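Novice: First the structure, then my questions, so here it is.
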């Protein structure tokens, strides 16, 4: 992101949310960032797994967007590398596009779930979690988009997603992890891909966030454990309520149709049916950095 683009993001967020985010350096100095999640965090694992076919151009360098995604901005602000775990022995991003929280991967058509990603990380590190690292846990959108509203209620689905995310935190914490960044789930009902039943998607999102807040509320009371949250749900609702204040003119139509890119991605919120553009990710990144700097 250029200096001009980043200043656009910081200026808007500073005015609307934080008062000032100029000093957003994290209080804690981490020696690595380990990431577990879905396409919102995947910096190239799906791309490596499919031999460079998913996501292909015009997607950006194997990201599910048109530019760097939020976790890369967060890592960059800390001076830490962010590489896919499949491409290098020192990769710290275990997220996979298409990953679920509640459905285990099967090594063929479904990538490893978020809890399975945590198990993989621990298996490769002797069952120990680096106590000086930051652990990012994210997911649930695929579970909601893939759900059949006729066979599952939003409340039950949300509870199961939150249970899987909190269980992932528990695995890491028991292995020695101390520092976590666990965002709330953005409103899946806002995604163009949820147009068939946005009310179900929103209700499931709310149920997920409520249950996750409850589960993590207990964990945050444990001495020596630090869980930072990012309110992605409110952030994207605030963008929808005042799009021009954030610099967006298109909140509903994806920029990418087939392989045709819209003429103005810088002012478009969604890149495709399910993923934000680089600018959507940028706002989330600054919010995450502010959360870590508390």
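Laboratory data are not the source of any read-out in this text; all were calculated from the coordinates shown. Quick caveat: nothing in here was measured; it's all calculated off a predicted structure. When we count neighbours, we look across all protein chains shown, and the Cβ atoms used for this are built from the backbone with ideal geometry, even at glycine.
Novice: Can you give the extra length, in nm with one decimal, that the chain gains between residue 234 and residue 86 once fully stretched, where that is 0.36 nm per residue apart less the Cα-Cα distance? Walk me through the numbers on the way to the answer.
Specialist: On the way: separation 148, 0.36 × 148 = 53.28 nm, distance 3.31 nm.
Working it through step by step, the gained length comes to 50.0 nm.
Novice: Let's test the formula: R0 of 41 Å, r as the Cβ-Cβ distance of residue 195 and residue 223. What FRET efficiency results, to the nearest 0.05? Could you put the intermediate results ahead of the total?
Specialist: On the way: r = 46 Å, r/R0 = 1.11.
Given R0 = 41 Å and the Cβ-Cβ separation, E is 0.35.
Novice: Mind giving me the nanometre distance, one decimal, between the label points for residue 242 and residue 120, set 7 Å out from Cα along Cα→Cβ?
Specialist: The modelled label-to-label distance comes out at 4.1 nm.
Novice: Hey, another quick one. Would you mind ranking 184, 150 so that the residue whose beta carbon has the fewest other beta carbons within 10 Å leads the list?
Specialist: Values: 184 22, 150 6.
With the sparsest Cβ surroundings first, the list reads 150, 184.
Novice: Testing the spin-label approximation: label points 7 Å from Cα along Cα→Cβ at residue 167 and residue 132. State their distance in nm.
Specialist: Computed distance between label sites residue 167 and residue 132 equals 3.3 nm.
Novice: A follow-up question, please. What FRET efficiency comes out for residue 253 versus residue 214 if R0 is 41 angstrom and r is the Cβ-Cβ distance? Round to the nearest 0.05. Please report the intermediate quantities before stating the final value.
Specialist: Details: r = 36 Å, r/R0 = 0.88.
So, using R0 = 41 Å, E works out to roughly 0.70.
Novice: How big is the chain on each of its three principal axes, counting only the C-alpha atoms and giving the largest first in Å?
Specialist: For the chain, the Cα extents along the three principal axes come out at 49, 47, 39 Å.
Novice: Can I ask one more? Given the Cα-Cα distance of residue 61 and residue 108 and 0.36 nm per residue of separation, how much length would full extension add, in nm?
Specialist: 14.6 nm
Novice: Which whole-number percent gives the relative contact order of the range 121-232, counting Cα pairs below 8 Å spaced six or more residues apart? Could the numbers behind the result be given before it?
Specialist: Values: 169 pairs, mean separation 39.3, N = 112.
Across the range 121-232, relative contact order equals 35 percent.
Novice: Exposure proxy check: 109, 208 ranked by fewest other beta carbons within 10 Å? Could you put the intermediate results ahead of the total?
Specialist: Details: 109 7, 208 31.
Least to most surrounded, the residues fall as 109, 208.
Novice: When a footprinting reagent is the concern and you count Cβ atoms within 10 Å, what order do 30, 156, 226 take, fewest first? Display every interim value, and only then the final one.
Specialist: On the way: 30 19, 156 12, 226 15.
Final ranking by Cβ density, sparse to dense: 156, 226, 30.
Novice: Return the calculated 222 nm mean residue ellipticity for the chain, to the nearest 500 deg cm²/dmol, obtained by summing -39500 (n - 2.57) across DSSP H runs with n ≥ 4 and dividing by the residue count.
Specialist: Values: 9 runs with 110 residues, N = 294.
Estimated from H runs of four or more residues: -11500 deg cm²/dmol.
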